[in-house]
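A quick write-up on the structure given underneath.
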Amino acid sequence: MAGSSKIKITPPRWLLAELTYACPLQCPYCANPLDYQRHSKELSTEDWKRVLTQARKMGAVQLGLSGGEPLVRKDLEEIVQHARALGYYTNLITSAYGMDEARIIALKEAGLDHIQVSIQASSRELSDYLAGTKSFEHKKQVARWVKKQGYPMVLCVVIHRENIDEMPQILAMAEELDADYLELANTQYYGWAHANRDLLLPTQAQFTKAEKIAQAFKEKVEGKMKIYYVVPDFYEDRPKACMNGWGTTFLTIAPDGVALPCHSARELPELNCPNVNEFSIEEIWHHSKAFNFFRGDQWMQEPCRSCDEKEKDFGGCRCQAYLLQGDMYAADPVCSKSPQHHLIQEAIDSAAKHDNTQNEQPLIFRNSKNSRLY
Amino acid sequence: MAINKILPLKFSPMHRLQWEEAQQKEVILYPEGMVELNQPSAEILKLCDGIRVLGDIVETLEAKFATTGLEKDIVNFLEDALKNGWIQQN
């Protein structure tokens with residue numbers, strides 16, 4: 001175990017319940033693991049209820065119900081009802097595919113607090129292409145129903161090279177749908193997005209232009225719509241404070257019951273992430289090897305170990321350090337102090353050489369057929 | 001944003017105010033976020049019931065804590081709360 005036993009362990013606040021990896025959409029930037037087909041076994045309704053009860057007892061209060069597509073679970077209402085009774089603030093994170101107004105009402109009655117609807121782009125053609133499914137008009141309809149039924153409506157658009165130049169149209173769509181919150185999530189390059197990075201990573205000029213437009217919009221709609229802007233860390237010179245620090249705040253439970261300190265941690269070697277079928281959340285959070293692995297700073301190498309900013313960003317993202325340089329103990333290469341920082345520029349240069357219109361290397365869509373290749 | 005003295009103050013139906021046992025604090029919950037409140041702030045928000053106006057809230061709290069001169073602090077907090085969307089006036 002890399003963590004020290006003297007570290008004060010704070011309770012989990014955020015529980016992300018990935019109810020299933022099944023999804024009718026095929027977004028090429030999906031954060032699920034590439035080999036999700038290998039983990040198709042799912043927890044039962046009773047398992048999820050037990051997990052929710054145990055985590056709530058420890059102090060978790062924000063609950064994300066995600067996937068895959070959580071609507072695929074027929075017991076979603078039952079899980080929501082259990083969560084509400086425990087006092088969670090329950091967030092449904094959905095593609096809206098397969099949702100109808102009756103289910104929106106049933107979920108409200110069960111105690112669901114809010115619905116986040118994702119739309120892939122501002123035009124039907126591009127949105128349907130990226131989703132791999134004809135879904136654009138229906139998603140907009142669901143967003144209107146969510147508003148009508150009195151939920152706070154969060155519209156989420158993942159931003160990448162294919163849609164970043166549409167920023168003004170995306171913002172107009174959010175206004176037209178009267179979103180209460182707009183999440184503009186610049187793609188983070190894990191899972192399927194990592195595999196498709198050469199075709200998804202925009203140029204710095206595109207980022208800068210889009211950010212300026214989003215910033216002006218944020219000021220314009222202040223008091224009416226809140227904007228969550230997820231920064232593109234490849235164009236930053238300091239890494240993100242990933243997960244607010246390892247094992248401090250966030251707990252993800254994957255569809256098969258594996259407990260993860262972040263939703264990409266499955267990709268890291270040596271962690272032996274524990275399963276909720278074998279251990280309680282209390283045991284997992286306090287005593288498992290995986291959750292203690294990167295707690296504190298004893299695991300750090302230079303330049304992190306002696307860095308005066310290590311309390312601020314915790315050395316950045318472990319998964320990114322591993323994915324880009326094969327060393328999960330290293331500084332996140334996004335950091336300009338990292339000896340491997342050149343890898344970021346190389347990734348940017350490599351992406352710039354790929355021209356999506358030439359179709360020389362098609363996007364790998366997230367589906368079962370492609371998942372079996374990993 | 002200024003507080004209108006005539007209109008009732010109402011806690012936003014888009015947020016939830018709740019006691020958290022683990023933190024021993026009242027918190028405001030909203031999509032993907034949480035704000036921890038100190039006791040005076042929580043006391044003020046609990047009185048934003050859609051019926052009371054500013055004067056009623058000041059009077060209630062001054063009586064409860066057997067003191068005077070709370071209006072300025074209460075207005076300052078409510079202005080922030082209005083800006084953050086925690087309360088409504090309409």
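The values are calculated or read from the model by the stated rules, or taken from the named source; none is laboratory data. If you're wondering where the values come from, they're calculated on a predicted model, not measured in any experiment. Please note: Cβ atoms are built from the backbone with ideal geometry, for glycine as well, and neighbour counts cover all protein chains shown. Keep in mind that these areas ignore ligands, DNA and RNA; they rest on the heavy atoms of the full protein, side chains included. Shrake-Rupley method; radii C 1.70, N 1.55, O 1.52, S 1.80 Å.
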Using every alpha carbon pair in the range A:110-188, what percent of pairs falls into each 10 Å bin from 0 up to the bin containing the largest distance?
19, 54, 24, 3
Taking r as the C-beta separation of A:E137 and B:T68 and R0 as 45 Å, the FRET efficiency to the nearest 0.05 is 0.15
In terms of the ratio Rg/(2.2 N^0.38 Å) built on C-alpha atoms, what value belongs to the range B:9-89?
1.07
Along each of its three principal axes, how wide is the spread of alpha-carbon positions in the range A:55-148, in whole angstrom units, largest first?
46, 24, 22
Other-chain or far-sequence residues with amide H under 5 Å of A:K226's (modelled H):
A:Y181, A:L182
Leaving out ligands, DNA and RNA, calculate the buried accessible area for the pair B and A with a 1.4 Å probe, summed over both sides, in Å² to the nearest 100.
1600
Most fluctuating residue of A:L184, A:L16, A:L86 in a GNM of chain A with Cα springs under 10 Å: which is it?
A:L86
The protein assembly as shown - Rg over Rh from alpha carbon coordinates, Kirkwood radius:
0.97
On average, how many beta carbons from a partner chain sit within 10 Å of the beta carbon of a residue in A:219-230?
1
Springs between alpha-carbon atoms under 10 Å, Gaussian network over chain A: tell me which of A:V72, A:V221, A:V146 tops the mean-square fluctuations.
A:V221
Average accessible area per residue (Å²) across chain A - probe 1.4 Å, nucleic acids and ligands excluded
42
State the percentage of accessible surface on the range A:247-374 attributable to carbon and sulfur atoms; use a 1.4 Å probe and exclude ligands, DNA and RNA.
50
Sorted largest first, the C-alpha extents of the range A:244-303 along its principal axes in whole angstrom are 38, 22, 20
Sparsely packed trypsin sites (Lys or Arg not before Pro) within the range A:236-312, loop by DSSP, other Cβ within 10 Å at most 14:
A:R305
At a cut-off of 50 Å², which residues of the range A:54-72 become less accessible once all protein chains are present than in their chain alone, using a 1.4 Å probe?
A:V61, A:Q62
For A:K220 paired with A:A205, estimate the spin-label separation in nm (one decimal), with each label point 7 Å from Cα along the Cα-to-Cβ line.
2.4
Using only the alpha-carbon atoms of the range A:274-374, report the extent along each of the three principal axes, biggest first, to the nearest angstrom.
51, 40, 19
State the Kirkwood hydrodynamic radius of the range A:8-60 in Å, one decimal place, computed from all pairs of distinct Cα atoms.
13.4
Carbon/sulfur fraction of accessible area - the range A:21-65, other protein chains in place, 1.4 Å, %:
51
With a Förster radius of 41 Å, plug the Cβ-Cβ distance of A:E109 and B:R52 into 1/(1 + (r/R0)^6) and report the FRET value to the nearest 0.05.
0.90
Which ³J(HN,Hα) values, rounded to whole Hz and listed in residue order, are derived for the range A:140-147 from phi using the Karplus coefficients 6.51, -1.76 and 1.60 in 6.51 cos²θ - 1.76 cosθ + 1.60 with θ = phi - 60°, glycine and proline given as x?
5, 5, 4, 4, 5, 5, 4, 4
DSSP loop (so not H, G, I, E, B), at most 15 other Cβ within 10 Å: list which trypsin sites (Lys or Arg not before Pro) in the range A:1-87 pass both filters.
A:K6, A:K8, A:K41, A:K74
To the nearest Å², the heavy-atom accessible area per residue of the range B:9-89 with 1.4 Å probe amounts to 50
Considering only protein heavy atoms and a 1.4 Å probe, what is the carbon-and-sulfur percentage of the accessible area of the range B:9-89?
50
With a 10 Å cut-off between alpha carbons and a GNM built on chain A, which of A:L52, A:L343, A:L363 moves the most?
A:L343
Could you check the spin-label model distance between A:Q149 and A:A172? Points 7 Å from the Cα along Cα→Cβ, value in nm.
3.0
Those residues of the range B:15-63 for which accessible area with every protein chain present is at least 20 Å² below the isolated value (1.4 Å probe):
B:R16, B:Q18, B:E20, B:A22, B:Q23, B:L29, B:Y30, B:P31, B:E32, B:M34
Please identify every one of the chymotrypsin sites (Phe, Trp or Tyr not before Pro) in the range B:2-78 that sits in a loop by DSSP and has no more than 15 other beta carbons within 10 Å of its own beta carbon.
B:F65
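Mind checking the dipole of the range A:1-151: about its Cα centre, +1 per Lys or Arg Cβ, -1 per Asp or Glu Cβ, Debye to the nearest 20?
Dipole size: approximately 540 debye.
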